[in-house]
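Report on the structure given below.
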Amino acid sequence: MTPVREEKRPAVHVDLRRGLLRTGRWSLRYDPRAVLVCVLLAALAALAMVLALGTGTYALSPAEVVRTLFGDGPPGAGFVVLDLRLPRALVAALVGFGMGMAGAVFQSLTRNPLGSPDVIGFGNGASAGALVAIIVLDAGTTQTAVGAVSGGCATAAAVYLLAWKRGVHGYRLVLVGIGASAVLGAVTNFLYLRADIGKAAQAASWTIGSLNARDWSDVTVAALGVAVLGPVVLGYARRLTMLEMGDDTAAALGVPPERSRLILLSAGTGLTALAVAAAGPVPFVAMAAPQLARRMTRAAGPNVLPAAWTGALLLTAADLATQRLTGSALLPVGVLTGVAGGAYLAWLLRGERRGARL
């Protein structure tokens with residue numbers, strides 16, 4: 001009788017102090033503080049969502065909301081929570097996640113804390129494309145998403161080509177993007193003037209950045225960007241860190257600078273466009289999330305995943321605040337993020353001035 005040899009399974013070794021996970025031939029390095037920050041941010045975002053789901057004319061306690069999500073809530077709560085409020089909460093979390101991740105990509109590529117998609121024109125390009133679909137074509141959710149992606153990609157291609165000079169560098173990308181943003185703002189104003197009063201009012205509410213009347217089709221649009229493009233950004237996060245060191249250093253380390261930059265730029269543009277299609281151009285989330293994440297993790301590099309969770313927390317908390325402050329869900333969330341973002345921008349510029357960088 002021949003003895004059966006049992007194959008030895010590779011043991012999993014975790015070194016929490018050094019941030020190392022090793023199994024067989026594979027190993028993964030991680031920052032323990034960044035992992036902890038992501039877990040805390042995700043928990044806080046989930047808490048904000050639960051509180052938002054219980055806010056409104058039909059008020060529910062957090063425990064009742066959780067029971068309703070598991071199918072054991074009070075009478076009538078299932079329709080209110082699952083059909084009316086849950087899509088809005090999920091759109092807030094997914095849009096914030098996508099905008100935070102896109103902001104980390106663009107700020108890392110431009111090496112500038114002001115290099116977020118809503119400043120360098122990519123968000124405005126997606127917004128202009130969506131407005132063409134809404135005002136000119138009288139489109140629904142799917143067509144609006146296609147218009148936003150088309151506008152964002154066209155703007156990204158134009159900015160990339162105009163900023164090209166033996167490669168694309170951060171300051172040129174920011175300057176050309178600001179110019180493109182001004183042009184697209186004029187296009188948006190022209191579309192408003194050409195629209196009838198009903199469509200103009202609908203488009204104006206959407207342009208501010210709003211979570212009102214979101215449904216499951218909007219959830220699908222926002223989730224598509226995170227599910228398809230999020231892994232691309234995470235897969236190229238190491239290359240993004242190398243690009244921050246300069247093109248020559250990145251090339252010496254085996255990273256093709258222009259090809260990596262183009263892929264990351266395309267993924268960040270897609271994330272921005274789909275987020276804009278789902279909730280409108282919510283301002284300042286993409287700008288603030290990466291900087292706040294970097295201060296929480298105290299780690300160098302783009303901090304892509306912490307920035308994404310920071311964006312999710314910022315937008316879900318802003319949604320909760322608008323509902324609690326006004327007693328309804330009618331105030332667009334972009335109003336609150338715009339006010340908070342203006343204060344953040346003033347603080348950021350003050351810090352740049354103190355550091356003699358401005």
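The values are calculated or read from the model by the stated rules, or taken from the named source; none is laboratory data. No experiment lies behind these values; they were computed from the predicted model shown. All Cβ positions, glycine included, derive from the backbone under ideal geometry; neighbour counts span all protein chains shown. Accessible surface is based on the protein model in full, side chains and every heavy atom, while ligands, DNA and RNA are left aside. Shrake-Rupley method; radii C 1.70, N 1.55, O 1.52, S 1.80 Å.
What the table below lists for this structure:
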quantity: Among (1) modelled with pLDDT of 90 or more; (2) buried (at least 24 other Cβ atoms within 10 Å of the Cβ), the one test that Asn303 misses; calculated: (1)
quantity: Qualifying residue in the range 243-260 (condition: within 26 Å of Asp31 (Cα to Cα), among the charged types (D, E, K, R), part of a helix (DSSP H, G or I) and in contact with a Lys or Arg (Cβ under 9 Å, 6 or more places away or on another chain)); calculated: yes
quantity: Test: residue in the range 125-135 that is in contact (Cβ under 8 Å) with a residue 24 or more places away in the chain, in a helix (DSSP H, G or I) and within 30 Å of Val81 (Cβ to Cβ); calculated: yes
quantity: Subset of the range 111-132 (residues that are open to solvent by less than 10 Å² (accessible area, probe 1.4 Å) and under 22 Å from Val219 (Cβ atoms)); calculated: Pro117, Gly123, Ala126, Ser127, Ala130, Leu131
quantity: Filter result (hydrophobic (A, V, I, L, M, F, W, C) and either over 18 Å from Leu84 (Cβ atoms) or in a helix (DSSP H, G or I) (or both)) within the range 213-222; calculated: Trp216, Val219, Val221, Ala222
quantity: The lone exception for Pro281 - which of (1) part of a helix (DSSP H, G or I); (2) open to solvent by 10 Å² or more (accessible area, probe 1.4 Å); (3) in contact (Cβ under 8 Å) with a residue 60 or more places away in the chain it fails; calculated: (1)
quantity: Flag if Ala250 is farther than 25 Å from Thr155 by Cα and at pLDDT 90 or above; calculated: no
quantity: Criterion (surrounded by 20 or more Cβ atoms within 10 Å (Cβ to Cβ) and more than 15 Å from Ser127 (Cβ to Cβ)) met by exactly one of Leu274, Leu240; calculated: Leu240
quantity: Boolean, Ala204 is at pLDDT 80 or above, closer than 23 Å to Leu331 by Cβ and surrounded by 13 or more Cβ atoms within 10 Å (Cβ to Cβ); calculated: no
quantity: Unique residue being in contact (Cβ under 8 Å) with a residue 12 or more places away in the chain and either closer than 21 Å to Tyr171 by Cβ or not basic (Lys, Arg) (or both) when the list is Leu253, Leu240; calculated: Leu240
quantity: Odd one out for Ile135, checked against (1) touching a Ser or Thr at 6+ places or on another chain (Cβ under 9 Å); (2) among the β-branched types (Val, Ile, Thr); (3) surrounded by 16 or more Cβ atoms within 10 Å (Cβ to Cβ); calculated: (1)
quantity: Test: residue in the range 218-230 that is acidic (Asp, Glu) and either surrounded by fewer than 20 Cβ atoms within 10 Å (Cβ to Cβ) or free of Cβ contacts under 8 Å to residues at least 60 places away in the same chain (or both); calculated: no
quantity: Single unsatisfied condition, Phe79 versus (1) modelled with pLDDT under 90; (2) closer than 17 Å to Gln323 by Cβ; calculated: (2)
quantity: Flag for Ala275 being under 13 Å from the mean Cα position of the chain (by Cα) and under 24 Å from Ala158 (Cα atoms); calculated: yes
quantity: The lone exception for Ser210 - which of (1) outside any loop (DSSP other than H, G, I, E, B); (2) small (Gly, Ala, Ser); (3) within 30 Å of Leu84 (Cα to Cα); (4) touching a residue at least 40 places away in the same chain (Cβ under 8 Å) it fails; calculated: (1)
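Condition check ((1) at pLDDT below 80; (2) closer than 21 Å to Pro257 by Cβ; (3) open to solvent by 60 Å² or more (accessible area, probe 1.4 Å); (4) not hydroxyl-bearing (Ser, Thr, Tyr)) across all residues:
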{"residue": "Ala102", "(1), (2), (3), (4)": "no, yes, no, yes"}
{"residue": "Gly140", "(1), (2), (3), (4)": "yes, no, no, yes"}
{"residue": "Val149", "(1), (2), (3), (4)": "no, no, no, yes"}
{"residue": "Tyr171", "(1), (2), (3), (4)": "yes, yes, yes, no"}
{"residue": "Ala182", "(1), (2), (3), (4)": "no, no, yes, yes"}
